[in-house]
Every structure is written in C-alpha cells, then in structure tokens.
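Working notes, beginning with the structure itself.
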Amino acid sequence: MIKGFANTYIVEDEGEYMVIDPGNPPPENVEKVSVLVLTHGHFDHYMHAEDWVRLSGKGVLLHPADLPMMEEAPEWVMRYFGIPVPPPPEVEGYLKEGDTVKVGSLTFTVWEIPGHSPGSIALVGEGVVFTGDLIFEMGGVGRTDLPGGDEDALFRSIRRVLSLPESTLVYPGHGNPFTVAEAKRWFPVQS
Ligand SMILES: [Zn+2]
Ligand SMILES: [Zn+2]
C-alpha cells in the first residue's frame with residue numbers, strides 16, 4: 001500500500017501484480033504490473049497512471065460510467081479545485097457487476113457501488129474488499145457533491161459492503177484499513 005493523496009494498493013500473488021488506483025508513482029522495486037484497476041474515475045486515484053501503464057504495457061480497467069467524468073476532468077477539476085490534472089490514462093477495458101479480475105491464484109469480483117461516483121466499484125476478494133471512496137476510517141463517507149454523486153445510492157452501497165463477513169478487511173481509497181465489524185459500529189445501517 002502506498003499512501004499519498006489517495007491510496008495505491010499493490011496486490012501480489014505468484015509473481016503477478018495488480019495495482020489498484022495508480023494515484024502515486026510506482027516504487028522502484030516494482031518492475032512489472034499485470035493489471036491496473038481504478039475503483040473510480042477521480043483524478044487523485046489515477047494521477048500517476050501513465051507511469052504504471054508504462055510498466056504494464058496495458059491501460060487501466062474501470063467502470064464505463066466514470067469514463068465521461070474522467071474525460072472532462074482536466075476541465076472541471078480546474079474549475080472546482082484549481083488543480084491541473086493530466087489527461088485520462090489509456091483504457092484497456094471495462095469492469096461491471098460480477099466481472100472478475102485475476103492476479104496469480106487470487107480472484108476479485110467486481111461489485112458496482114455507485115454513490116460517490118456513478119461508476120464506483122468494489123473489488124471483493126477472499127476476506128478483503130477494496131472500496132475506493134465509499135467509506136473511511138471512523139465513519140467518514142465519500143463525498144456526493146461532485147458530478148454524478150448520489151447520497152441515497154452511496155448508503156445503499158455501504159449497506160451492501162457491510163453485508164460481507166465481519167472479519168473482512170476493508171481497504172479504502174484514503175486513510176487506514178479497518179474491518180467490516182468496526183465499520184458496522186461507525187455506520188448504524190441495517191445490513
Ligand atoms: Zn473519489
Ligand atoms: Zn479519492
């Protein structure tokens with residue numbers, strides 16, 4: 001895990017590497033990448049995608065609903081935040097509900113978890129879930145005031161993720177990981 005503006009996760013198994021949210025530059029010890037996934041299309045999660053695309057020779061996988069937002073990002077991020085953003089990375093393919101991403105012997109299933117953005121996804125693995133900007137440590141939630149945000153959808157998505165087994169480790173897009181059991185104390189939602 002690389003902490004920066006947003007978290008970048010590197011999942012390794014059998015010599016294959018999956019990189020989730022290439023918002024930070026690659027560390028020197030990572031020389032090859034098998035698959036690059038975006039949990040959603042916000043710029044802080046793909047700021048350094050080009051460096052990783054160079055390592056993998058492949059573009060990113062993401063949900064198609066976030067593609068228009070990503071293409072407009074250089075313009076709207078400048079308007080909202082006054083920050084220059086690189087053009088969106090090359091797209092290798094699309095991920096939708098029920099698709100799987102494999103790394104070595106590990107399989108991650110895609111869940112659509114809209115709310116923070118229309119194309120937000122979770123990657124659900126054995127005892128772990130990567131949730132992008134859905135929920136954060138101590139009960140923070142992803143903002144829904146950006147283009148395509150939907151608060152009702154966000155809370156439906158939170159309830160869905162918290163239906164995973166309580167021991168599941170949740171890896172958020174910002175801040176530290178936590179368990180579903182901890183999150184259930186922070187979010188009094190019926191699951
Ligand atoms: Zn975001
Ligand atoms: Zn973020």
Would you pull out the residues with amide H under 5 Å of residue 91's amide H, same chain only if 5 or more places away, H placed 1.01 Å from N? 60
Starting from the 7 Å offset along Cα-to-Cβ, what nm value, one decimal, do you get for the label separation of residue 54 and residue 186? 3.5
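In whole percent, what relative contact order does segment 9-186 give with Cα contacts below 8 Å and a gap of six or more residues?
Value for segment 9-186: 17 percent.
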Taking amide H atoms as placed 1.01 Å from N in the peptide plane, list the residues 5 or more away in sequence, or in a different chain, whose amide H sits under 5 Å from that of residue 171. 129, 130, 131
Treating the beta-carbon of each Lys and Arg as +1 and of each Asp and Glu as -1, no other charges, what is the dipole magnitude of the chain about its Cα centre, to the nearest 20 debye? 400
At 0.36 nm per residue, minus the direct Cα-Cα distance, what do residue 166 and residue 78 gain on full extension? Give it in nm, one decimal, please. 27.7 nm
Tell me, what are the semi-axes, in whole angstrom and largest first, of the equivalent ellipsoid of segment 66-129 as set by the roots of 5 times the Cα gyration tensor eigenvalues? 28, 13, 11
Treating only the Cβ atoms of Lys and Arg (+1) and Asp and Glu (-1) as charged, compute the dipole magnitude of segment 1-103 about its Cα centre; round to the nearest 20 debye. 140
Hey, rough spin-label estimate for residue 138 and residue 107, points 7 angstrom out along Cα→Cβ, what's it come to in nanometres? 3.9
Work out the charge dipole of the chain with +1 on the Cβ of Lys and Arg and -1 on the Cβ of Asp and Glu about the Cα centre, then indicate which of 59, 158, 82 is farthest towards its positive end. 158
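Could you calculate, for segment 1-121, the ratio of the Cα radius of gyration to the Kirkwood radius, expressed as Rg to Rh?
0.95
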Out of residues 5 or more away from residue 176 or on other chains, whose amide H comes under 5 Å of its own, with H placed 1.01 Å from N in the peptide plane? 137
Please identify the helices of the chain, taking whole runs of DSSP H, that span at least 18 Å along their own axis as judged from the Cα atoms and have a mean Kyte-Doolittle score of -0.5 or higher. 67-81
DSSP-loop trypsin sites (Lys or Arg not before Pro) across segment 66-109, with at most 15 other Cβ within 10 angstrom: 96
Considering only DSSP states other than H, G, I, E and B, which GluC sites (Glu not before Pro) in segment 7-74 qualify as loop sites with at most 14 other Cβ atoms within 10 Å? 14, 28, 31
Dipole-positive endmost among 108, 134, 23 within the chain (Cβ charges, Cα centre): 134
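Each value in this text was obtained by applying a stated rule to the coordinates, not by laboratory testing. As the structure is a prediction and not an experimental result, all values here were calculated from the model. Heads up, the Cβs are rebuilt from the backbone with ideal geometry, glycines too, and the neighbour counts pull from every protein chain shown.
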